[in-house]
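Single-structure report; data block below.
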Amino acid sequence: MPWTIGPAVPLQTIMTRLHREMAVGSADVLVGFAAERCEGLHYGVAQLFGRVAMVQTSCLDTAVLSNTTAEAVLSHEIGHLFGAFHPGPSGAGSVMRYGPADRFDSRNARIIRMMRARDFTTGVPGVDEAMRKAWTTIYAEGHASDEPNPLAGAIANAGAALAAEGKMPEAEALIREAVGVDPSAARVHSMLGLLLSEQGRLPEAASELQTAKRLSFRETEARTELGFVLLKLGREEEALVELRDVLRVERRAPRAYVWVGMILARRNRVPEAISALRTAIAVDPTYGPAQLELAGVLDRVGQPAEAWAAAERAHDLGEDVPGALWQRLVDKVPTAPPLPPTCAGAPGPAIDLDRPDAGARAHPGPPRLPAGGRRGPAGGRAADRVAARAERAARLPGAPSVVRLGDPRPVLTAVRLAQPFAPMPSYMPQPPLTLSGVFSYTLVAEPKAPPPPPR
Ligand SMILES: [Zn+2]
């Protein structure tokens, strides 16, 4: 069935909306085919032991390389849904590593055969202990060395999904299970740290986030959160060091700039604070908390007109501007327009085609100051916190779930950088994503294998 989505929607959002908007019905899996489109230059996406996959048919080299045809990508992604992983060099030439649609390496063939009868409705929690053990044994025989263990990623993602539903103890149990599967996966420690931080378990959170940082210094989300946790623990100097380090690695981290700005403002280093907050806004103009903090600092230094403008932008971006701030600004700005409606009474947010769900926010919730700070925790509204958590969970899958077919090819990378795709003109009809139903698969790499049961 046809399904359309606006242009330039990130793959993760497409996947989330596929899950939400398309009923799988009696089919085992849902496969989206993106016609005439290549978001993020990924050929396809599927999560290990998941139920939804997507195939993009218009990546730059789809027409050139045999292993990026729609058939090969479809076969590869369906393989992931059955638990197949990227094999090491010994699996080169198979569909899970550069090969054509019908060639499987022996390890993944064993896994797919073992999982042939699996119930797709249960996700990775439905893969029992014995099967996980068998999977782990086969995986240990040889796999791509440059990526985290995908079973650990899938289990952790299942935990994040539970956290988005507010089931914290269950979520924590699953993420700890994922740590057990691959203790060296930085991302999984980050996810555990974020979960603990959200529950206010700060010392435990700091410890997990430190572990994530030790495993990968590029784990900037963990390091940003670590800065926040240290700040909440009253270790302001360490927090500042951590956040400045984040900004050395990742110059486009609005949250880190905002917290640096808040610390500087508390130390009365106002010009530097304003500069940090303005940088956050330059990096991401839609990051409401930066506008809100800027409004507060500008108010403090006697620039009420500019503060008003920032507060209005914060309000338009969905922030809960404190009534006291509005009132102070009204008193100081003689020509101030009438107060905008409160967020709760606003006449409904504008529909963003890319994010039609008004609850889906592009940023991970407002920063929260420790007790004694100007604002209450998390801007107050439970719905916002749930939305922010859902958004965070949607982003958590990150690296382990988005699978690139094959390893990076330097020559093509150069071509990609030199020839970016022009944006599609707005008057052109947007290409549909076509969804299809049930697929049956036959393994043909090993002809002696019994055929799968008829579907
Ligand atoms: Zn893959």
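Centre-to-centre separation between the Cα atoms of segment 287-304 and those of segment 114-172: 45 Å.
Whole-Hz Karplus values for segment 244-256 come out as 5, 5, 4, 6, 6, 7, 10, 6, 10, 10, x, 4, 5 Hz, taken residue by residue from phi with 6.51 cos²θ - 1.76 cosθ + 1.60 and θ = phi - 60°; glycine and proline positions read x.
Sorting the segments 17-23, 325-331, 73-79, 211-217 by their residues' average number of neighbouring beta-carbon atoms within 10 angstrom, most packed first, yields 73-79, 211-217, 325-331, 17-23.
Label reach from GLU170 (point 7 Å along Cα→C-beta): in segment 146-164, amide nitrogens under 16 Å belong to 155-164.
Given 0.36 nm per residue, what is the gain on full extension from ALA324 to ALA130 after removing their alpha carbon distance, in nm?
Between ALA324 and ALA130, full extension yields 63.9 nm more.
Between ALA282 and ALA92, full extension at 0.36 nm per residue minus the direct alpha carbon distance yields a gain of 64.0 nm. Each of the peptides 81-91, 260-270, 233-243 was scored by the mean count of other Cβ atoms within 10 Å over its residues; in descending order, highest first, they stand as 81-91, 260-270, 233-243. Taking amide H as placed 1.01 Å from N in the peptide plane, the amide H of GLY44 sits under 5 Å from that of GLN56, LEU405, each at least 5 places away or on another chain. Would you mind checking segment 121-146 for residues with the amide N under 20 Å from a putative spin-label position 7 Å along Cα→C-beta of SER184? Under cut-off, by backbone N: 133-146. Apply 1/(1 + (r/R0)^6) to the Cβ-Cβ distance of ASN268 and ASP102, taking R0 = 60 Å, and write down the FRET efficiency to the nearest 0.05. With a Förster radius of 60 Å, E is 0.30. Phi angles across segment 149-161 convert, under the Karplus curve 6.51 cos²θ - 1.76 cosθ + 1.60 with θ = phi - 60°, into 3J(HN,Hα) values of 4, x, 5, 4, x, 5, 5, 5, 5, 4, x, 4, 5 Hz, Gly and Pro given as x. Simple spin-label estimate for MET22 and GLU236 gives 5.2 nm between the two label positions (7 Å along the Cα-to-Cβ direction from each Cα).
Every read-out reported here was derived from the displayed coordinates using simple, explicitly stated rules and does not represent laboratory data. The structure presented is a predicted model; accordingly, all values stated were derived computationally and were not measured. Cβ sites come from the backbone with ideal geometry, for glycine too, and all protein chains shown count toward neighbours.
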